[in-house]
Amino acid sequence: MNQVSNDQIRQNVRNRYKEIALQDVGAGSCCTPAPSNDCCSSAADVSAKMGYSSEELTAVPDGANLGLGCGNPQAIAALQPGEVVLDLGSGGGFDCFLASRQVGASGRVIGVDMTPEMVSRARENASKSGFTNTEFRLGEIEHLPVQDHSVDVIISNCVINLSPSKQQVFDEAFRVLRNGGRLAIPSSLEP
């Protein structure tokens with residue numbers, strides 16, 4: 001049995017999420033180009049099943065919610081005004097935009113994604129909707145482009161499971177979190 005290298009795993013994930021980032025908004029969800037009988041019919045349907053409220057689903061720019069993930073990190077993060085939030089694997093910016101509303105103008109949200117097309121999509125969403133306290137950085141979650149001890153809360157929505165170096169992800173999380181910082185990572189949905 002051949003063992004796939006960490007670089008091959010990252011490249012496979014990057015290629016798949018590039019495809020998703022480039023698809024038309026609303027063309028489908030569940031990581032497929034179009035809805036199927038085995039899948040939910042829209043990103044909003046998928047996200048509602050993950051615990052996002054209808055208010056949250058309508059509060060983000062079109063194209064930010066791609067129907068990816070496994071839960072709602074805001075439901076467990078207890079975000080407060082003024083906090084700095086880091087989203088690991090921010091995709092189109094969906095969870096970042098929701099966090100932005102919670103931390104307010106005095107807070108800041110940083111999204112990190114390893115797919116240039118996702119970062120571009122998220123930046124476009126932020127720009128067209130006026131999210132001035134939210135920024136998106138290209139980078140791997142195993143090597144975060146974030147200063148030491150600069151983040152209050154890390155959120156992630158089913159992205160750490162895609163990393164071939166999970167311990168390195170948690171080492172990086174520890175490095176960037178301030179004393180008393182916290183992780184908000186929802187568990188997978190039950191079948």
Residue list for region 89-112, filter: charged (D, E, K, R) and either buried (at least 24 other Cβ atoms within 10 Å of the Cβ) or in contact with a Pro (Cβ under 9 Å, 6 or more places away or on another chain) (or both): Asp95
Among the candidates Ser187, Ser156, residue that is in contact (Cβ under 8 Å) with a residue 12 or more places away in the chain and buried (at least 20 other Cβ atoms within 10 Å of the Cβ): Ser156
For Gly180: the one exception among (1) surrounded by 15 or more Cβ atoms within 10 Å (Cβ to Cβ); (2) more than 13 Å from Leu88 (Cα to Cα); (3) in contact with an Asp or Glu (Cβ under 9 Å, 6 or more places away or on another chain); (4) small (Gly, Ala, Ser): (1)
Answer with yes or no whether Gly63 is in contact (Cβ under 8 Å) with a residue 40 or more places away in the chain, among the small types (Gly, Ala, Ser) and buried (at least 24 other Cβ atoms within 10 Å of the Cβ). no
Can you confirm whether Thr134 is surrounded by 20 or more Cβ atoms within 10 Å (Cβ to Cβ), touching a helix residue (DSSP H, G or I) at 6+ places or on another chain (Cβ under 8 Å), at pLDDT 95 or above and polar (S, T, N, Q)? yes
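Give region 142-153 a look and list any residue that's in contact (Cβ under 8 Å) with a residue 60 or more places away in the chain and not hydrophobic (A, V, I, L, M, F, W, C), or say none.
Answer for region 142-153, where residues must be in contact (Cβ under 8 Å) with a residue 60 or more places away in the chain and not hydrophobic (A, V, I, L, M, F, W, C): Ser150, Asp152.
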Working only within region 150-191, note down all residues that are aromatic (Phe, Trp, Tyr) and in contact with a helix residue (DSSP H, G or I) (Cβ under 9 Å, 6 or more places away or on another chain). Phe170
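The values are calculated or read from the model by the stated rules, or taken from the named source; none is laboratory data. This structure is a prediction, so every number in the text was calculated from the model and none was measured. For neighbour counting, all protein chains shown are included, and Cβ atoms are generated from backbone atoms with ideal geometry for every residue, glycine included.
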